[in-house]
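The values are calculated or read from the model by the stated rules, or taken from the named source; none is laboratory data. Worth saying up front: this structure is predicted, and the values here are computed from it rather than measured. Note that we place each Cβ from the backbone using ideal geometry, even for glycine, and neighbour counts take in every protein chain shown.
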């Protein structure tokens with residue numbers, strides 16, 4: 001599973017922000033370094049567009065995060081968090097992200113999707129059927145095996161997690177702090 005990369009290659013990147021966020025949080029108790037993800041995925045190729053699909057909340061606490069993404073050259077597509085009767089919450093960007101990536105498959109040489117979500121298998125199949133290279137970058141431990149298998153290339157962020165994370169904490173240190181009553185806010 002290897003893709004061809006060259007400087008003249010035009011690429012578009014589509015970031016499933018929630019998927020990467022929750023993977024980093026659940027696996028590493030950390031946050032994603034989206035600048036590193038973008039740089040690694042694109043390399044020295046020509047970036048046509050990078051889009052991050054994000055959710056807004058009533059409190060607006062995510063605004064600084066959105067601004068940080070825009071500062072590194074990632075465009076933001078927002079959707080409001082839906083809160084249903086009974087308290088259930090939903091914010092799903094899968095269809096929107098898939099439509100955008102499918103649209104760009106005709107305009108670029110490579111489509112990069114940053115997600116481990118197996119729901120994107122049909123998108124990868126479609127992109128490849130259009131003659132466009134389909135690449136995936138995600139945390140391998142939380143990625144669909146089928147998605148990894150069918151992508152032209154898969155970059156496993158677990159292989160070099162320190163590059164892709166901000167504020168990573170060691171599991172042993174977290175356990176010691178918890179046992180000793182230390183703060184969970186301290187970082188390594």
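Just checking, which of 22, 6 is out of contact with any helix residue (DSSP H, G or I) (no Cβ under 7 Å at 6 or more places or on another chain), surrounded by fewer than 20 Cβ atoms within 10 Å (Cβ to Cβ), modelled with pLDDT under 95 and closer than 20 Å to residue 161 by Cβ? Every option except 22 fails the conditions. Just one residue in the set 110, 138 is crowded, with 18+ Cβ neighbours inside 10 Å, closer than 21 Å to residue 5 by Cα, more than 14 Å from the chain's Cα centre (by Cα) and at pLDDT 95 or above; that residue is 110. Quick check on residue 173: is it surrounded by 13 or more Cβ atoms within 10 Å (Cβ to Cβ), part of a loop (DSSP other than H, G, I, E, B) and modelled with pLDDT under 95? No: the conditions fail for residue 173. Within the stretch 92-134, how many residues are in a loop (DSSP other than H, G, I, E, B), in contact with a helix residue (DSSP H, G or I) (Cβ under 7 Å, 6 or more places away or on another chain) and over 19 Å from residue 157 (Cβ atoms)? Looking only at that region, the number is 1. Taken as a whole, the structure places residue 68 among residues that are assigned to a helix (DSSP H, G or I) and farther than 28 Å from residue 126 by Cβ. Taken across the stretch 57-74, residues that are buried (at least 16 other Cβ atoms within 10 Å of the Cβ) and closer than 24 Å to residue 132 by Cβ do occur, with at least one present.
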